Amino acid sequence: MAALKDRTRYDPSEVEPRVLERWLSSGLFHPAPDGTATENYSIAIPPPNVTGSLHMGHAFQDTIMDALIRRHRARGRRAKWILGTDHAGIATQTQVEQMLAAEGSSRERLGREAFERRVWEWRAQYGGKIIGQLKRLGASCDYHDERFTLDPAYAEAVLKVFVALYEKGYIYRDRYLVNWDPGSRSAISDLEVDDIEVTDTLYYIDYPLASGSGAITVATVRPETMLADVAIAVNPSDARYERLVGESAILPLVGRRLQIIADEHVRPDFGTGALKVTPGHDPHDFEIGRRHRLEQISVIWEDGRISEAAPERFRGLTAAEAAQAVVAELRDQGLVTRIEDYRHAVPFSQRSGERIEPLVSLQWFMRMDELAAPAIEAVRSRRVRFHPASNASVYLNWLENIRPWVLSRQLWWGHRLPVWYRRGETYVGVEPPAGRGWERDPDVLDTWFSSALWPFAALGWPEQTPELRAFYPTDVLVTARDIIFLWVARMVMMGLEFTGEAPFSDVHIHAIIQAPDGRRMSKSLGTGIDPMDLMEGGPRPPVFEQGGEFPAYGADALRWGLLAMSSTQDVKFSEEKIGQGRQLTNKLWNAARLILLGVGAEARAEARPARIEDRWILSRLHRAREEVSGRLEGYDFAHAALALYDYIYAELCDWYLELVKPRLRDGEPEVQATLLYVLTETLALAHPLIPFVTEEIYAYLPGAEGLLAGRVEGARPPQDEEAERVLGRTIEAVQAIRRWRDQAGLKAGARVSGRLEAPGFEQTSEHLSRLARVALVDDGGAAVASVPIEGGTLEVISADGFDPAAASRKRAAERERIERELARVRAKLANDAFVEKAPAAVVEAERGKLARLTAELEAL
RNA sequence: GGGCGGUUAGCUCAGCUGGUAGAGCGCCUGCCUUACAAGCAGGAGGUCGCCUGUUCGAGUCAGGCACCGCCCACCA
């Protein structure tokens with residue numbers, strides 16, 4: 001490692017791996033399971049898929065959680081970030097199946113046991129990837145205590161919950177219309193379905209009336225499902241069909257008699273106002289069928305082909321082929337009376353991308369209303385709080401209209417249902433049933449079922465482990481809006497049911513980061529940005545106008561940038577913000593170099609304010625601490641990040657370090673101690689957001705022990721109103737003089753002398769003189785110019801290269817500006833209504849402004 | 001159809017309980033001032049989507065309108 005003196009730029013690629021190693025070997029991230037959950041702080045990570053690698057959403061979310069965890073660790077709380085991965089049923093199974101397909105094999109060929117072994121092997125090989133990436137980001141998870149949702153203990157918790165809910169009567173088996181995904185050959189839940197707009201053909205088909213006179217015309221986009229029609233429905237108030245209700249029609253191609261029934265669901269104004277009822281293949285028809293006790297016929301089987309319930313000539317065709325064949329026959333018979341394009345939303349599987357085939361099948365369901373009630377109450381009563389609060393209504397709205405949950409999935413990878421059958425019997429239990437002839441249900445549970453138990457099952461429930469006592473309930477759940485239903489609501493329900501407590505008291509819903517062009521970040525669209533490429537350098541994806549490579553921004557820059565981007569609304573990814581984060585790390589690094597290379601070896605951090613600027617920076621540090629920690633605790637990460645940035649740039653570096661440079665050069669002990677104190681506290685303040693660079697600098701502090709990551713914050717530095725006033729005045733004066741210099745045409749190095757005709761600069765006139773580059777004289781005759789500063793003026797006696805024309809232009813402009821403002825203030829004060837009704841303080845402020853502006857104008 | 005959010009500087013975004021608009025990037029000018037040129041100093045740039053209203057005073061509050069996101073529920 002090069003000497004500090006030569007490390008003029010902060011190099012994250014060199015520093016971060018080294019710092020990470022020190023953290024990991026310290027044991028700091030693995031708190032002892034002591035104390036109570038109230039004393040301690042914990043967050044359960046939304047367990048990433050084992051198949052996954054870190055994407056931008058993870059990086060963002062994990063940065064937020066890490067900032068919270070590190071912040072609370074610094075407050076002296078035992079902080080545990082509960083870590084683990086999710087087996088992610090469909091996603092994982094699909095990946096392994098693809099791999100098998102590439103080898104020319106398949107899961108069917110392997111058989112269930114061998115396939116499951118294969119997935120475990122695959123997981124052992126690739127499952128650790130995302131954990132390594134979390135470390136790279138600096139996430140201070142408890143890596144010594146990693147869970148997997150298929151671990152034996154976890155699996156037992158899952159089965160126990162299933163059995164308990166079954167025994168309560170919430171879980172049941174039923175024939176029901178489900179979303180069948182022909183791609184994964186499994187039922188999936190409503191939440192795993194995306195509606196996509198497509199253009200279908202709407203066919204108008206005549207169904208001859210059984211009476212022999214005339215026909216009733218129906219409209220459909222799925223002609224093949226007519227083979228499963230069991231009725232025709234019309235709206236009871238539809239006069240056109242009133243006399244037909246109760247009659248029958250004959251289903252073409254099949255010959256079945258279809259009753260004509262009346263049902264409110266049918267819209268008279270759509271199509272012909274007559275609906276073919278197909279309870280076996282349409283959700284609404286299914287409901288109509290239940291209301292009218294109609295038969296359910298399934299002509300499409302789970303492989304997407306026509307079943308034996310259809311006339312023989314259609315059997316075995318795919319649904320699409322059958323549609324063509326059906327239409328062709330109907331045409332031959334002259335029954336297709338009209339064809340039109342029809343644009344509508346159609347469900348597709350999020351997983352396989354295939355069009356959902358609604359099918360009636362035998363599945364396990366869970367009734368949700370009993371569990372929903374307490375979960376609603378928990379949010380209503382604000383025992384569980386959403387941030388931002390508007391998300392609570394999204395949650396409540398869903399729970400209040402909750403529907404049964406299809407639990408079973410026709411997959412091999414997951415928690416297999418603890419259900420056995422023997423002839424007509426069904427057995428449900430954690431342990432297999434005694435006796436011979438039992439066969440276990442082949443289905444597995446929806447992955448979200450096990451995810452719902454995460455906060456407590458990850459801590460060892462149902463065992464009453466020390467971890468559960470110490471860290472459950474957790475403090476906050478951090479996640480995105482899109483899984484409020486899939487996950488958040490279900491965790492609350494399960495937590496309340498099985499532990500009697502909500503699994504967290506706060507839910508922070510963060511923004512979703514979109515691609516720079518405003519589209520969703522997604523691999524398939526090519527809009528994804530790999531956070532690893534930002535940290536370590538890598539190609540810019542095509543969504544960026546600018547091509548080439550990302551520089552290796554490092555983890556801190558990425559983290560700061562993501563936090564600064566965060567918002568209550570969705571945000572476009574901004575590389576500039578990451579760049580700004582890098583600037584900040586470099587700035588802090590160099591500020592530290594200035595201090596560390598300037599202090600003596602025996603200097604120690606201690607606040608020893610000897611002059612007013614010392615009191616000022618301590619007071620500003622106090623405020624920055626309040627601001628940053630307050631913002632973090634209010635889940636306002638963007639403001640936390642920006643407040644930190646402003647403090648470091650605008651207060652510490654631009655002013656304080658510049659102010660004390662001469663004293664540092666002179667080797668003054670007080671300022672050395674104070675600088676080290678301020679640096680240490682600044683590092684501590686910044687650490688939750690930019691942990692690597694702060695930890696690296698901390699190691700250089702003379703006398704520093706241990707790790708910054710494990711340091712508990714000390715007392716707050718004192719606030720000092722007077723120092724803030726005096727320095728504030730001085731800073732403004734320096735800026736005013738600099739502005740004047742620039743606009744009066746002076747060269748950068750031009751010498752200026754002047755007389756200060758304003759009170760309040762007694763303690764800072766040296767600073768004013770040096771930073772504004774003005775030699776202050778006690779007198780010296782007539783002024784060539786006058787610069788207004790607070791409480792008076794700086795009378796400029798002489799200035800090299802002074803351009804009277806430029807100065808008078810500047811003066812004129814200034815006068816104009818003041819006069820404009822003055823006019824406004826005067827008008828306001830002349831308004832009786834304002835003086836009478838506005839609060840006294842506001843009126844007073846306007847009067848003060850009037851006096852100040854008048855004085856300034858006079859000075860000109 | 002219902003819900004949530006948005007519309008502020010060229011770009012990306014801040015603006016708390018109403019008191020004459022801010023940041024970063026970009027742009028312009030000047031500086032290699034021995035921590036940092038990935039830097040420093042200074043500057044230009046906005047009738048805050050539109051219309052009404054409340055108010056002494058409205059990006060800020062209320063109502064309406066227009067666009068733009070996202071979520072939920074959807075008519076074959």
Quick one: angle between helix A:575-598 and the longest Cα principal axis of chain A, in degrees between 0 and 90, rounded to 10, please. 40 degrees
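Highest first, please rank the peptides A:198-211, A:177-190 by the mean number of other Cβ atoms sitting within 10 Å of their residues. Intermediate results must be reported in sequence, preceding the final value.
Values: A:198-211: 16.9, A:177-190: 21.9.
In decreasing order of mean packing, A:198-211, A:177-190 become A:177-190, A:198-211.
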Checked the stretch A:229-380 against the a/c 1.5 cut and the a/b vs b/c comparison, axes a ≥ b ≥ c from its Cα gyration tensor; verdict oblate
Cα centroid distance between the stretch A:795-833 and the stretch A:1-34, in Å? 54 Å
Applying 1/(1 + (r/R0)^6) with R0 = 22 Å to the Cβ-Cβ distance of A:D654 and A:R739, what FRET efficiency is obtained, to the nearest 0.05? 0.90
For the stretch A:78-91, what does the Karplus curve 6.51 cos²θ - 1.76 cosθ + 1.60, with θ = phi - 60°, yield as ³J(HN,Hα) per residue in whole Hz, taken in order and with x for Gly and Pro? 5, 10, 10, 9, 6, 10, x, 10, 10, 6, 6, x, 5, 4
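When a/c reaches 1.5 or more, the comparison of a/b and b/c decides; with that in mind, is the stretch A:379-473 rounded, prolate or oblate per its Cα gyration tensor?
Details: a/c = 3.04, a/b = 1.68, b/c = 1.81.
Verdict is oblate for the stretch A:379-473.
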Roughly how large, in nm² to one decimal, is the mean projection of the convex hull of the alpha-carbon atoms in chain A? 49.8 nm²
Taking a ≥ b ≥ c as the square roots of the eigenvalues of the Cα gyration tensor, with a/c under 1.5 meaning rounded and otherwise prolate when a/b exceeds b/c and oblate if not, the stretch A:581-729 is oblate
How many Å² of accessible area per residue for the stretch A:399-453, probe 1.4 Å? 45 Å²
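Quote the relative contact order of chain A in percent (integer), defining contacts as alpha-carbon pairs under 8 Å separated by 6+ residues. Please list the in-between numbers first.
Values: 1529 pairs, mean separation 107.9, N = 860.
Over chain A, the number comes to 13 percent.
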Against the rule of thumb 2.2 N^0.38 Å, how large the Cα Rg of the stretch A:34-164 comes out: 1.25
Compute the long axis of helix A:391-400 from its Cα atoms, compare it with the longest principal axis of the Cα atoms of chain A, and write down the angle in degrees, 0 to 90, nearest 10. 20 degrees
The Cα extents of the stretch A:538-650 along the principal axes, largest first and rounded to whole Å, are 55, 33, 18
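Quick check on my link table: of A:K577/A:K747; A:K810/A:K849; A:K135/A:K587, which ones sit more than 32 Å apart, alpha carbon to alpha carbon? Don't skip to the answer; put the middle values down first.
Working: A:K577/A:K747 34 Å; A:K810/A:K849 22 Å; A:K135/A:K587 24 Å.
Long pairs (Cα-Cα over 32 Å): A:K577/A:K747.
Among the GluC sites (Glu not before Pro) within the stretch A:675-712, which fall in a DSSP loop and have no more than 14 other Cβ atoms within 10 Å of their own Cβ? Please report the intermediate quantities before stating the final value.
Working: sites: A:E681, A:E695, A:E696, A:E705; in loops: A:E705.
When the GluC sites (Glu not before Pro) of the stretch A:675-712 are filtered for loop state and at most 14 Cβ neighbours within 10 Å, A:E705 remain.
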For the stretch A:729-784 and the stretch A:623-685, what is the centre-to-centre distance using only Cα atoms, to the nearest Å? 27 Å
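To the nearest 0.05, how large is the calculated FRET efficiency for A:E705 and A:S53 if R₀ is 25 Å and r is the Cβ-Cβ distance?
Working: r = 37 Å, r/R0 = 1.49.
It comes out at approximately 0.10.
Given 0.36 nm per residue, what is the gain on full extension from A:E602 to A:R716 after removing their alpha carbon distance, in nm?
Numbers: separation 114, 0.36 × 114 = 41.04 nm, distance 2.43 nm.
Difference between extended and current length: 38.6 nm.
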Quick one: 3J(HN,Hα) in Hz for the stretch A:308-316, Karplus 6.51/-1.76/1.60 with θ = phi - 60°, rounded, Gly and Pro as x. 6, 6, 9, x, 3, 5, 9, 4, x
Counting other C-beta atoms within 10 Å, and keeping those with at most 12, which DSSP coil trypsin sites (Lys or Arg not before Pro) do you find in the stretch A:355-432? A:R382, A:R423
Do any chymotrypsin sites (Phe, Trp or Tyr not before Pro) in the stretch A:386-487 lie in a DSSP loop with no more than 16 other beta carbon atoms within 10 Å, and if so, which? A:W438
Roughly to the nearest percent, how much of the accessible area of chain A is carbon and sulfur, given a 1.4 Å probe? 47 percent
Which far-off residues, 5 or more places away or on another chain, put their amide H under 5 Å from the one on A:S186, with H placed in the peptide plane? A:D181
Give the angle, between 0 and 90 degrees and rounded to the nearest 10, that separates the Cα long axis of helix A:721-743 from the longest principal axis of the Cα atoms of chain A. 80 degrees
Over what distance in Å are the Cα centres of the stretch A:475-503 and the stretch A:692-726 separated? 37 Å
If we sort A:372-379, A:715-722 on the protection proxy, mean other Cβ atoms within 10 Å, highest first, what's the order? A:372-379, A:715-722
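The values are calculated or read from the model by the stated rules, or taken from the named source; none is laboratory data. These numbers were taken from a predicted model, which means no experiment stands behind them. We place every Cβ from the backbone using ideal geometry, glycine too, and count neighbours over all the protein chains shown. We work out accessible area using only protein heavy atoms, side chains counted, and drop any ligands, DNA or RNA first. Shrake-Rupley method; radii C 1.70, N 1.55, O 1.52, S 1.80 Å.
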